[in-house]
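Just below is one structure, and these are the notes that go with it.
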Amino acid sequence: MIDLELKNVTKRFGAFTAVKDFSIAVEAGEFVSFLGPSGCGKTTTLRMIAGFLEPTEGEIFIQGQKVNDLPPYHRDSGMVFQNYALFPHMTVFDNIAFGLRYRKVPKNEIKDRVMQMLQLVQLPGLEGRRPAQLSGGQQQRIALARALVIKPKLLLFDEPLSNLDAKLREQLRVELRQIQQEVGITSIFVTHDQEEALSLSDRIVVMNAGEMIQSGTPYEIYEKPQSLFVGEFIGQSSFIDGRVAAVQGTETLVELGNGLTMGVSGVGAIAKGDKVKILIRAERISVMQDSAQKHLEGRLNVLKGVITDVSYLGSNIYYYVRIENNAQFLVIDQMGEKSPLKKNDAVCLEIGFKSCLCFTSKTKGRV
Amino acid sequence: MAPSRGTPHAMGGVIERISSNPRFVLGLQLGPLLFWIVFFLFIPLLLIVFYSFCLRGLGGTIEYTFSLKNYIHFFTTPIYRKILVKSIVIAIEVTLGTLLVAYIPAYFIATTKTKNRLLLLILMIVPFWTSLLIRNYSWILILGREGIINVYLMKWGIISQPLELLYTEFAVVLGLVHWVLPFMVFPLFSTIDNIDFNLVDAAKNLGANDLQAFWRVTLPLSMPGIAAGCLLVFILTVGSFVTPSLLGGPEDLMITMVITQRFLTLFDWPFGSAASIIYLMLMILFILVYDRFIGLKRILKM
């Protein structure tokens, strides 16, 4: 069953187009993230679904019902805001019960349902507190409880974790996913944090400049970005310019200049002489001390270079490597039990064919 | 302070010694303020208290005896109690009226998306640039028997007799609302401006319609501004003199008019002083009650 459908939705503010021809169908129980840089139209889209904004063109359906003309208070969507938006003048109990009072729920049932929600978000016993007496994480859990207690048709998240510190964010992310699965509610999650989107979603919609750029599972988005924008926006990568030297079966040879050549996988609309950009995920490159790897010399996709900078992050380490044609590479290496390489070390980078994604410079689309 | 010891400049040493004396520094800081309070508030007030226990002699002189007669006279004469009650009733009417009239522009200015919010706020103070007297006279021109309201209503045949608008309690309340409006708009504006309108969205999202969201979220969150504005307006109005004397009828006497009359017309300083002290005590009592129920701390925090 489709719980939410947007058909060719466009939103203009004067001459500025915030959302352009946006269409999506969300299955019941699905967790969909809108991911994109700030100003890409993801929050505008969410606010149109909630009913705070009216689409300039297009239609929005919630569980089959067209809601374009329905005010927010008749849409039955539960929203969780970035700054929690708990009512400061009410207790936790009254905050959670707020929506129930407009649904003519009898008093004792309100009490039961509020307590049940507090149990669900693991904060029993806090019903008498004021929001100001709670930590940020607690406040956001109460906000989630307040949205869930009305049994909404949709759960809408507007960057709900971005005001929390890193550790709490991760913890709450896991809890959020568990609760969403437990309740089985269709959810739309707006975020600019790729890690959040990747770990939470069934499906990610990448947006830029008001348009949907790509929609797919987290795996598809990360492994098979259809455009340079998606590849660039998600993950840590290096880019290298080149020109197609030859196309052989499923592999393409790319000349990088300075006599360097790389092989990339992928066959598409590409011909000899085309300009391309190769994207290489930083964690897919293996880095080795140059002197120890004489046997690799001269092989394809083994590039020589010098470490220009090192940043040590505990569990992994970032190497910034300049290869022979002066292109910069970022390499993320797991620490393991190795001793780290140092600045100015000469190194070899080995890159698998499949880890090199090739985009044509002309259309920015993937080959 | 050790390095300053033994400096060769004697002047520097003196200043150093004085400024290192915390009591002296405190005195310098508080001195002007204390002087002001003692000479312009405390001493005049004591004089009034003193006079209030004296009696009026022949020809407006003062008999220096200790007597409670003025106070007893005030409380045993029904007309004074009536005037006191009337003053409070008018002040309450003005406060509620101002709240209603001021909330709309304050809300509008706080929530408008135009860049000229400052200009709109300044426009709210423009009436203050003309003197209170002139503003009251213009109400006379508007409300009088020959005023524009009556003239046009009669011209259009809506009424045949001019309405008695001027010299009524209504005129007094109207004039006072006009006068105190900015005192209500500003605290309201600053509170509403600080409301997080995500809260209103959250309320609507949870099922409250526009009116319910306003009633349960916006209005309670404007309370600090409402409390501050009402306090200011109430105190200003109870003590108002010009507007009720110009726009009010013989029935609309306020306590300030009694005090003025006693001092200036009847030369009865002792009774005027007693009335002033009663009025002052009433205001202090009012503020204490207000603090007890609403909390002045919350207002002062704004």
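Quick notes on this one:
- Of the complete DSSP H runs in chain A, those spanning 15 angstrom or more by Cα along the long axis with a mean Kyte-Doolittle score not below -1.0 are A:107-120, A:136-148, A:166-183.
- Relative counts (whole %) of C-alpha pair distances in region B:241-302, using bins that are 5 Å wide: 4, 16, 17, 16, 16, 12, 11, 7, 2
- Separation of the alpha carbons by more than 19 angstrom is noted, of A:LYS167/A:LYS338; A:LYS66/A:LYS153; A:LYS7/A:LYS66; A:LYS11/A:LYS153; A:LYS224/A:LYS272; A:LYS272/A:LYS364, for A:LYS167/A:LYS338; A:LYS11/A:LYS153; A:LYS224/A:LYS272.
- The alpha-carbon of A:LYS354 sits under 16 angstrom from the alpha-carbons of these aspartates and glutamates, leaving out residues fewer than 8 places away in its chain: A:GLU220, A:GLU223, A:GLU251, A:GLU283.
- Of A:ARG243, A:ARG146, A:ARG129, the one that fluctuates the most in a GNM where chain A has Cα springs shorter than 10 Å: A:ARG129
- When the pairs B:LYS86/B:LYS297; A:LYS151/B:LYS204; A:LYS20/A:LYS42; A:LYS275/A:LYS304; A:LYS104/B:LYS204 are compared against a 20 Å limit on Cα-Cα distance, B:LYS86/B:LYS297; A:LYS275/A:LYS304 fall above it.
- Our summary of shape: the Cα atoms of the protein assembly as shown have principal axis extents of 126, 90, 53 Å, ordered from largest down, in whole angstrom.
- Top of B:ILE43, B:ILE277, B:ILE235 by mean-square fluctuation, Gaussian network on chain B, Cα under 10 Å: B:ILE43
- The mean count of C-beta atoms from other chains within 10 Å of the C-beta of residues in B:214-226, rounded to a whole number, is 2.
- Largest-first principal axis extents of the Cα set of chain A (Å): 78, 47, 35
- Selected from B:VAL89, B:VAL126, B:VAL101 as most flexible by GNM, with chain B as the system and alpha-carbon contacts under 10 Å: B:VAL126
- Taking every DSSP helix (H) stretch of at least 4 residues in chain B, weighting each as -39,500 (n - 2.57) and dividing the sum by the residue count yields a mean residue ellipticity at 222 nm of -21000 deg cm²/dmol.
- Protection proxy ranking for A:94-100, B:220-226, A:19-25, A:80-86, using the average of other Cβ atoms within 10 Å per residue and placing the highest first: A:94-100, A:80-86, B:220-226, A:19-25.
- Between region B:85-120 and region A:331-354, the alpha-carbon center distance in angstrom: 68 Å
- Within straight-line reach of B:LYS82, meaning a Cα separation under 23 Å, sit the following lysines at least 8 residues removed in sequence or on another chain: B:LYS69.
- Here B:LYS155 is the anchor, and the aspartates and glutamates within straight C-alpha reach of less than 12 Å, apart from those fewer than 8 places off in the same chain, are B:GLU146.
- Peptide A:79-90, shielding by other chains (average Cβ, 10 Å cutoff): 5
- Shielding by partners, peptide A:101-111 (average Cβ within 10 angstrom, other chains): 1
- Ranked packing of A:217-226, A:29-38, B:23-32, most packed first, by mean Cβ within 10 Å: A:29-38, A:217-226, B:23-32
Quick note: the coordinates plus some simple rules give every number you see, no bench work behind them. Just so you know, these numbers come straight off a predicted model, no measurement behind them. All Cβ positions, even for glycine, are placed from backbone atoms using ideal geometry, and neighbour counts span all protein chains on display.
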